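A short reminder: the numbers here are calculations on the coordinates, not readings from a lab. Just so it is clear, the structure is predicted and the values come from calculations on it, not from any experiment. Virtual Cβ from ideal backbone geometry, glycine too; neighbours counted across all protein chains shown.
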Amino acid sequence: MSAARVASLVLDTNVLLDLWLFDDPSVRTLRQAIEGGRLRALRSDECDAEFAEVLGRAQFGLDAPARRRMLARWTACSEPIAAVAPAPLACADADDQKFLDAAFSAGAALLLTRDKALLRLGRRAEAIGLRIRKPDPAMTYDRLCR
């Protein structure tokens, strides 16, 4: 498979938690596609910082080595975005703007999120080249590349 054919995507923190902490069956196909190199996962420093902060919350009960393992697993199968600029769209929730900025800056094809404020931008984002979707257990590599 050529590198040009591999779709790129940005994942918000809730999707990352589903992948690495909860092992949610609805995203197993997604995780396999990312780990297998069939999808190119992209991340920004700001997105990484939020993921690390959330993993450190008491409600998850993770010790420092467990948090480091999850972060290492994520960074091993994703690529950092060199430079992040403001997206041409603004999210109603300023805390979620970082995902939109990352996706547009990297030229990602897709932003996967469960966040309602980001999902509401779906039509406007798609009109300028970014699909914003919720993860779906039926989602496959082929479907993402269309």
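Give a residue-ordered list of calculated ³J(HN,Hα) values for the range 74-90 (Karplus: 6.51 cos²θ - 1.76 cosθ + 1.60, θ = phi - 60°; whole Hz; x for Gly, Pro).
Karplus-based 3J(HN,Hα) across the range 74-90 equals 5, 5, 5, 10, 9, 10, x, 8, 4, 9, 10, 10, x, 6, x, 10, 10 Hz.
Which ³J(HN,Hα) values, rounded to whole Hz and listed in residue order, are derived for the range 28-33 from phi using the Karplus coefficients 6.51, -1.76 and 1.60 in 6.51 cos²θ - 1.76 cosθ + 1.60 with θ = phi - 60°, glycine and proline given as x?
5, 5, 4, 4, 4, 5
Can you pull out the trypsin sites (Lys or Arg not before Pro) in the range 1-102 whose DSSP state is coil and whose Cβ has at most 13 other Cβ atoms within 10 Å?
Arg57
Go ahead and estimate [θ] at 222 nm for the chain from helices alone: -39,500 (n - 2.57) per DSSP H run with n ≥ 4, summed, over the residue count, rounded to 500.
The per-residue figure over the chain is -12000 deg cm²/dmol.
Evaluate the Debye formula for the range 3-145 with equal point scatterers sitting on the alpha carbons, no solvent, and hand back log10 of I(q)/I(0) at q = 0.09, 0.14 Å⁻¹, in q order, two decimals.
Each listed q corresponds, in turn, to -0.24, -0.61.
For the range 3-145, what does the relative contact order come out to in percent, with C-alpha contacts under 8 Å and a separation of six or more?
Rounded, it is 33 percent for the range 3-145.
Treat every Asp and Glu Cβ in the range 14-146 as -1 and every Lys and Arg Cβ as +1, leave all other atoms uncharged, and give the resulting dipole magnitude about the Cα centre to the nearest 20 debye.
I would put it at about 460 debye.
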